[in-house]
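Chemist: Okay, handing you the structure first.
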Amino acid sequence: MLNDLSSVIRLTEGAAALILAGAAGLFAVKLQHVRMNRQSARYLQKHREYFSYLAAHVGGEEPLMPPPGQLAALEKEAIRDKLVEWMERIRGEERWKLIGLYRDMGLAGEDMKTLKEGLHWMKVEAAHRLGVLRVQEAVPALLDLLRKEKYGPSLFIIARAIAKSARTPGVLREMTLVIAGHKKPCHELVADVLHDSSLDLTPFLESFLDEEDPDLQMIALLGLRGYPCPRLLPAFERLLETGSRSMRRKAVQAALEPVGIIHPQKLRELSRDKDEEIRLEAARVMGRIGTEDMIPHLLGGLKDKLWRVRYESARSLYRLGEAGVEALCRTAVKEENLPSGQIAKNVLIGELRISSARAADFPEEILPFHRCLNIYRRYFPEPGHKVPGVREKAMAGIF
Amino acid sequence: MQRQTSEWAGRILSGVRRAMLGSSSTSCGILLVEGDWKDSVLRALETRLLAEDPQLKVQFLYDRDLGILTLLLEGEKLAKTHFVSLQAKPFLQQIRKRNVRMAVSAFPGYASPTEQELWRMLQMLLAGGDAAEKDIMIYAGRKMEKKAPTILIIDVDETVPQFLNPRLELQGYDVHNACDGLEGIRLCSELLPDVVITELSLPVYDGYQVIRSIRKNNELDSRIMVLSDRRLEHDIRLCFQLGADDFIRKPYSPVELEARLKRLLSS
Amino acid sequence: MRVWLLDYAVFAVYSVLIVYALYLLILLISHRQALRTLRPAYVSKYRDLSGSEYIPPISILVPCYNEELTILESVRSLLSLNYPEYEVIVINDGSKDKTLRVLIEAFGLIPMPYEAQNRELEARPVKGIYHNPFYPNFFVMDKDNGGKEDALNAGINMSRYALVSTVDADSLLESDALLRLVRVYMENPEETVAIGGNVRVANGCVIENGQVTEVRLPNKLLPLFQHIEYLRSFLGGRIGWSAINGLLIVSGAFGLFRKDTLIQVGGYGGGFPGEDMNIILKLHKRMLESGRPYRIAFCPDAVCWTQVPDTLPVLGSQRKRWSRGNLKNVWMFRGMMFIPRYGTVGLLSLPYAFFYEMLSPYLRLTGYLALLGYVLTDMTSWRVLVLFFLADMLIGMLFSCGALWIEEMAFRRYPKLKDLLKMLGFSVLMVLGYDQLNVWWKLAGHLDALRKHNSWGVMVRKSWQEDVAGKQAVTNQSL
């Protein structure tokens, strides 16, 4: 029993010691942080006019001078962070001028050193800065760091830095392969990172289309979104046929936005796909780029078993203009008691109301709105349907 | 007072002419510093400046009655003169233990400064006591004479006005800032700015509301430029539909921004 | 008899210690994670993602009941988030006050038609949808009262996008919070089914126009204690649990979910408080049974500020409600405990929750009673009681300390030195009464649960302005 008590005593002593040490350490660390913050703020205040000088003259022909006088280490860091903040927000010649200044101050060299020698989190921060600077010489070291990095947010910070600094597509390719090697479905993130580069992505992304790895194909598909590239089509077909459910969905989304590479025939097939998300996407897109020959397929969509697909089909029909509105009205009358008729009616009323309110803001929409309203009134002449015309009291906004 | 200053101006002018005749330079930087300074201080300052840049050619002209110290920097343009003021300021402040105010300018050689301009520069130096931020004022020459167009910048990110204000003011614009939609709308109706540069993601009222409010206000004839990090097509389209005149994506090119600004103002 | 009392006390201590040991392990994992991964992620500013075309759109659901005083400010702050594409759906769950009218008037909303048949989740009838195309991404749903879970289900039915974020009506999201959450999602969109945000205590902060403009510690006692509690729980606990995929709860105040898995598990339900823990347990169970790899994560740099109760009755009511919810949730999923198929959740998290939430209050209470009895029979051994009490205190303090370390190393939201002193000081005070009070409330909550008490208790809604009016007056005067 005494033993029990003594272990409890030891435990208490241990805990007390830990807490005291912890609290003391915490206090010391906090004190240091507070001092550093205050000091940094003071340094930035001291150099306030210097930054005004930079802002005023960065666009001029004269070279930018580094800050006058001897700088303490923390002072340099404070100035460095502010410079990076500024450089992140601009582009063009003036950013290059600031980058030149940064280099002249020796800061780029210091970042390269930290990249190789610092603690892990310091390395990642240095990588981030070097990315903003687009320092080409840093690329090999950055790639090295990328290869050793575990999968997580830091991986992408380093990847972005590489994307920004890369001067040859080979580097981008290498980077993509490293990330793809982790076998995680982060395709959108990779595509986004690649778009931070100022290089032309098309050639090397197109080369991915021929790869076996579906991940690489997907990255290419996403990265080339918006480029009417004929080679995308076969890759898309392949992913559609053989991919997992999520891959198929991604492929459809990538292919349909913003500029469709899909043939209308394919679009119709997709609107009957077994996956409801794909049917949904197809229904949405038909309203955006569709022509009147989409109407029968959208009408089919009104009968889908999933409410969301019905809803998007109805909205897309409305977007097609007068022919679509006509089709909706007909369905609303003929299939009044079926889900298709109900969704048609509801979407009609809702969209007409929205168009009515919008027409108050955008006068060019008044005429189309009234044409649609007239079609609606032909089918539903009763006044009880409460769709206000534009002349009626405009809805109050805050202003 | 008037006679004194015109005498002073005359002295400065002849100093400038002498400087430009002597060297083959085509420009001269002028730095005005207010205050009483001992000769020893001025010597020390000169030594200090030459130590940092041995190539610098500087003339000191001190008018004790007026209390104005003038530094003429032969062959130097505005940016370098501004930089020299940054070097001089901490040195002088250390001695005086108070804020030292300065005015900076530079004149190209083919049109030497007129008395009038010097006089304006002096006025600027002696006058501006309100903004404690502005210790170093820049006089950018004749551009600033005309009625300055008013620009309102609305952005919650404070680095945007930090970067844009000095350069736009140098161009002669009268720049104001707001950091949310509500303040932006309020300042619009107060200032009736010529151009409003606004971000879209703003607290309280977003950029779209700001655009809408400006367009609905019949007294306001402002041009609206949207400076935003939103890149999606429908965002851009909505801005123009609501009545914005231009859209620039962040990260932006300041050169491009200024060019478009000029175009908006001239239309 | 005496010996038995002491033995029991020691036994109680050791049992509780095992639980604490696990917590300590989690704390250590949190610490390592915070330093290694989170610091750089926190520092990097997300400018790059903010306008991106690759970011998935999100439907934000805001269930509310009788929130007429704070709903406008919350909505305005939600509408000005830094995020490329999203919609905000406020679900008015049959409020008895003017919540709906306030919204309609402020935003000029007009009624839209809505039919609810064949929607995916069950919910009480929807009375109407309101919208103003001037605010194209803002919708208000008015429905019959059905509780928070019902409101969320109705919201899910209406939502347009594949990702759904649940936000409380009094949560104030930071402008990049959603971006940070979605970054975690984008790292692994297939496997990530839910992500929780970090909830911080807003009492005492300066709040203007729905944004926290200056972070300050609360002034009053209770919010200050809760602040430390939240740090312990979110920073000390959830970071670690998330790293081993054993997270049991994603705060209802701010969380992100994939809609398809939510619908697969049948949405929210249960009919008792604690729906945020319930949905996560359902998700875990479903995903583990399906055998697919998945993760439920916690993102501590995605911050949401919320007001916490500052009076004992309201706080007590909240804690009893939480305790009721925890008990019912653990009971409902007791089948997962200790079964290897259910991974970390079954082997670690649920047992931990069971011991910590359910058993340890009793152990502590009876342990102390036993000790008291022991001492009463022999007054000279009062030191033993003190010793045990001290041990208990110190362990509690250890956890507070650990959480404060993580805050300081990775986040540093409270820049003043005196803030740290205050937090350390109050963590001492906490163990002298507040923690014990919580034990009491837990027990009371269990009692309530057994009595089948299902209501939400009382939460007196204060206006944001009112609570910080004092603060703002002071700030304005000093200008």
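The values are calculated or read from the model by the stated rules, or taken from the named source; none is laboratory data. No experiment lies behind these values; they were computed from the predicted model shown. Heads up, the Cβs are rebuilt from the backbone with ideal geometry, glycines too, and the neighbour counts pull from every protein chain shown.
Chemist: Condition check: within 9 Å of chain A (Cβ to nearest Cβ) and buried (at least 20 other Cβ atoms within 10 Å of the Cβ). Does C:L420 satisfy that?
Modeler: Criteria met by C:L420.
Chemist: Right, another one. I'd like the full set of residues that are among the charged types (D, E, K, R) and away from chain A (no Cβ under 12 Å), limited to the range B:38-86. I'd like the intermediate steps shown before the answer.
Modeler: Here is the first cut: in the range B:38-86, the ones among the charged types (D, E, K, R) are B:38-39, B:43, B:46, B:48, B:52-53, B:57, B:63-65, B:74, B:76-77, B:80.
Once the filter is applied, which keeps residues that are among the charged types (D, E, K, R) and away from chain A (no Cβ under 12 Å), the range B:38-86 yields B:K38, B:D39, B:R43, B:E46, B:K57, B:D63, B:R64, B:D65, B:E74.
Chemist: If you scan the range B:173-204, which residues turn out to be away from chain A (no Cβ under 12 Å), over 18 Å from C:E73 (Cα atoms) and assigned to a loop (DSSP other than H, G, I, E, B)?
Modeler: B:Y173, B:L192, B:P193, B:D194, B:L200
Chemist: May I pose another question? Among the helices (runs of 4 or more DSSP H) confined wholly to the range A:50-126, which include 3 or more residues that are among the charged types (D, E, K, R) and either touching a residue at least 40 places away in the same chain (Cβ under 8 Å) or surrounded by 15 or more Cβ atoms within 10 Å (Cβ to Cβ) (or both)?
Modeler: The qualifying helices (runs of 4 or more DSSP H) are A:73-89, A:93-104.
Chemist: Return the pairs, sorted by first residue and then second, in which the second residue is of a type in the set (V, I, T), the first residue lies in the range A:212-227 and is free of Cβ contacts under 8 Å to residues at least 60 places away in the same chain, the beta carbons are less than 6 Å apart, and the residues are 6+ apart or on different chains.
Modeler: What qualifies is A:I219/A:V190; A:G226/A:V259.
Chemist: In the range A:321-361, how many residues are of a type in the set (V, I, T) and at the interface with another protein chain (Cβ under 9 Å from one of its Cβ atoms)?
Modeler: 4
Chemist: Something else: Just need a number here: residues in the range C:395-408 that are modelled with pLDDT under 85 and facing chain A (nearest Cβ under 9 Å). Explain how you work it out, then say what you get.
Modeler: The first filter runs over the range C:395-408 and keeps only residues modelled with pLDDT under 85, leaving C:395-396.
Within this subset, residues satisfying the condition of being facing chain A (nearest Cβ under 9 Å) are C:395.
Number of matching residues: 1.
Chemist: Given the criterion more than 22 Å from A:A254 (Cα to Cα), at pLDDT 90 or above and within 22 Å of the chain's Cα centre (by Cα), identify the matching residue among A:R129, A:R147.
Modeler: Result: A:R129 is the single residue among A:R129, A:R147 that is more than 22 Å from A:A254 (Cα to Cα), at pLDDT 90 or above and within 22 Å of the chain's Cα centre (by Cα).
Chemist: Of the conditions (1) within 14 Å of chain C (Cβ to nearest Cβ); (2) assigned to a helix (DSSP H, G or I), A:K303 satisfies every one except a single condition; which number is it?
Modeler: (2)
Chemist: I've got another one for you. Of C:N219, C:N198, C:N203, which residue is under 18 Å from the mean Cα position of the chain (by Cα), under 20 Å from C:L312 (Cα atoms) and not charged (D, E, K, R)?
Modeler: On inspection, the qualifying residue turns out to be C:N203.
Chemist: Within the range C:59-78, is there a residue that is touching a Leu at 6+ places or on another chain (Cβ under 8 Å), within 14 Å of chain B (Cβ to nearest Cβ) and assigned to a strand (DSSP E or B)?
Modeler: no
Chemist: Restricting to the range B:238-258, count the residues that are within 11 Å of chain A (Cβ to nearest Cβ) and either touching a His at 6+ places or on another chain (Cβ under 8 Å) or not in a strand (DSSP E or B) (or both).
Modeler: Going through the range B:238-258 one residue at a time, the tally reaches 13.
Chemist: Do we find that B:I224 is more than 20 Å from C:Y86 (Cβ to Cβ), in contact (Cβ under 8 Å) with a residue 40 or more places away in the chain and either part of a loop (DSSP other than H, G, I, E, B) or assigned by TED's automatic domain parsing to the domain that holds B:G181 (or both) in this structure?
Modeler: Against the criterion (more than 20 Å from C:Y86 (Cβ to Cβ), in contact (Cβ under 8 Å) with a residue 40 or more places away in the chain and either part of a loop (DSSP other than H, G, I, E, B) or assigned by TED's automatic domain parsing to the domain that holds B:G181 (or both)), B:I224 does not qualify.
Chemist: Hey, another quick one. Filter the range B:170-207 down to residues that are of a type in the set (F, W, Y) and either touching a strand residue (DSSP E or B) at 6+ places or on another chain (Cβ under 6 Å) or surrounded by fewer than 23 Cβ atoms within 10 Å (Cβ to Cβ) (or both), then give me how many there are.
Modeler: Of the residues in the range B:170-207, 1 are of a type in the set (F, W, Y) and either touching a strand residue (DSSP E or B) at 6+ places or on another chain (Cβ under 6 Å) or surrounded by fewer than 23 Cβ atoms within 10 Å (Cβ to Cβ) (or both).
Chemist: Going by the structure shown, is A:A17 modelled with pLDDT of 90 or more and either under 35 Å from the mean Cα position of the chain (by Cα) or more than 9 Å from every other protein chain (Cβ to nearest Cβ) (or both)?
Modeler: no
Chemist: Could you please let me know if B:I211 is under 24 Å from C:G108 (Cβ atoms), β-branched (V, I, T) and either free of Cβ contacts under 8 Å to residues at least 12 places away in the same chain or out of contact with any Asp or Glu (no Cβ under 7 Å at 6 or more places or on another chain) (or both)?
Modeler: When the stated conditions are applied, B:I211 passes them.
Conditions tested, residue by residue: (1) under 16 Å from A:P153 (Cβ atoms); (2) within 14 Å of chain A (Cβ to nearest Cβ); (3) surrounded by fewer than 24 Cβ atoms within 10 Å (Cβ to Cβ).
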| residue | (1), (2), (3) |
| --- | --- |
| C:F139 | no, yes, yes |
| C:D142 | no, no, yes |
| C:G146 | no, no, yes |
| C:I156 | no, yes, no |
| C:A177 | yes, no, no |
| C:R183 | yes, yes, yes |
| C:E187 | yes, yes, yes |
| C:I195 | yes, yes, no |
| C:V199 | no, no, yes |
